[in-house]
Every structure is written in C-alpha cells, then in structure tokens.
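Just below is one structure, and these are the notes that go with it.
Each reported figure results from applying straightforward, stated rules to the coordinates on display, with no laboratory input. As the structure is a computational prediction, the values presented were derived from the model and not from experiment. So basically every Cβ, Gly included, is an ideal-geometry build from the backbone, and we count neighbours across all protein chains shown.
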Amino acid sequence: MKCSIYIGLALLLVSDLHTSVSAQMHRWVDAQGRTHYADTPPPDAVGYERHLLDQQGIIRQSIERAKTPEEIRHERRITEEQRRREQERVEQRRQDAILLKMFDTERDIEIARADRLSIVETNIQITDEKLSSLHAQWAQHKRRIEAYENSGQQVPDDWREEGTSLQRQIAEHEQYRNSRARERDNIQAQFDADLQRFRELRAQRP
C-alpha cells in the first residue's frame, strides 16, 4: 500500500514538473521594439535576447542572442590579434633576457657590431677585387673576339664558351656581393636596435 502511495506521489511530481516546464514562456523584443511571447520561438528569434518566464511571469533564465557571422569573424580577428601580441611580448622578453646576458655595457655591443661588420666588409672587398679582375678579363676577351670578327674570321667555339663563362662568373660574384651588402645593412640595423633596447632596459632598472 505504501509503495502505491509513493508511486502516486512520484507520478504527481513528474506531472507537476512537466506542467511547469511546458508552461514556460519565451519573451523577446524585436528590432521594431515589439514584444513577443511564444512557447516555442520561431527560428529568427535567436537573433534577439530572450527571457524564459515561469507561470508567474518571473524571469527564470536569460538567453543571449545569437551572434551574426560578421560578429563571429570580428571576435576571431580580435582573439587572433590578442594572441599575436601576446606571442610578441613573450618573444620580446626572451630577446631582452638574451641581450642582457650577452652584454654588460654599451661598449660591448659596439665592439661586437664592429667585429661582425669587419668580417662582412672583408668579404665585400675580396669580391670587389675579384669582380674588377673578371671585368678586365671580359673586356679584353670581348676586344679579342671583336677583332677576330672584324678580320672576317670565324670565332672559335671555345672562345665563345670562355666568354659565356666569364659573364656567368661576373653575375654570380655580383649576386654574392649584393647579398653581403644586404647582410651588412641588416647587421648594422640589428645592432642599432639592440643598442637602443639595451639603453631602455638599463634605464628601467632601479
């Protein structure tokens, strides 16, 4: 008998709960300021903030409106930008630690810069000397070919191959020199930035 009573009470509670849930009402205000009520809101209602009301009209839950695709993309861009800036801050702290560990004074940075630049400048100087020699060889070779052609004789194939080889060597050495010149400029710019950052970090120390 008690078991039947318990079962009946349980069924009653479930029935009351079902009635309570089914009695809940969604309320929202559209873009024109009109208030809507519905047990089951239409699909376009997700674009508005909604409130879930109980039987007494009391707000039991608030549901934020669904974001538009553009808003979602905008939030993603903001998140990605924040992540990028944080990565930059982490990398800057790492670079600062290395800088302070490598150098004790500004003079140390200047000496290191001079040493690096000296090596590159030596490479450039050697390349310039080689280029000067190659250009002289090419000029002489070109004059010889022109003289041969002016005499009405056919220029030997090995002469033409030699000329092609000289031109290729000149192009390769010019490319190498240009790359070393860019390296020199990058070294100068990097050390200038390091020196400026070193001064800032030292000024921040108590």
- line: Rounded to the nearest 0.05, FRET efficiency between L201 and D115 (Cβ-Cβ, R0 22 Å) equals 0.50
field: Spin-label pair S179/R107, simplified geometry with 7 Å Cα→Cβ offset, distance in nm
entry: 3.7
statement: Sorting L195, T127, Q137 by the position of each Cα along the dipole of the range 105-204 (Lys, Arg +1; Asp, Glu -1; all at Cβ), the one nearest the positive end of that ordering is L195
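Evaluate E = 1/(1 + (r/R0)^6) for V46 and R94, where r is the Cβ-Cβ distance and R0 equals 45 Å; express this FRET efficiency to the nearest 0.05. Don't skip to the answer; put the middle values down first.
Numbers: r = 45 Å, r/R0 = 1.00.
With a Förster radius of 45 Å, E is 0.50.
Sorted by mean Cβ packing within 10 Å, highest first, what order do the peptides 38-45, 181-188 take? Show your work: numbers first, answer last.
Working: 38-45: 10.6, 181-188: 13.9.
The packing order, highest mean first, is 181-188, 38-45.
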- request: Of the listed values [x] 40.5, 133; [y] 20.4, 66; [z] 16.0, 50, grab the one calculated as Rg and Dmax of the Cα atoms in Å from the structure here.
  value: [x]
statement: Taking the chain and counting helices only, DSSP H stretches of n ≥ 4 at -39,500 (n - 2.57) each over all residues, the nearest-500 ellipticity at 222 nm comes to -26500 deg cm²/dmol
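How far, in nm, would the chain grow between L131 and Q154 when pulled straight, counting 0.36 nm per residue and subtracting the alpha carbon separation?
So the extension gain works out to 5.4 nm.
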query: Expressed as an acute angle from 0 to 90° and rounded to the nearest 10, what is the orientation of the C-alpha long axis of helix 157-204 relative to the principal long axis of the chain?
result: 50
query: How far, in degrees from 0 to 90, does helix 2-22 lean away from the longest principal axis of the Cα atoms of the chain, to the nearest 10?
result: 60
task: Count charges around I78 for me, please; just the other residues with Cβ under 12 Å from its Cβ, Lys/Arg as +1, Asp/Glu as -1.
output: +2
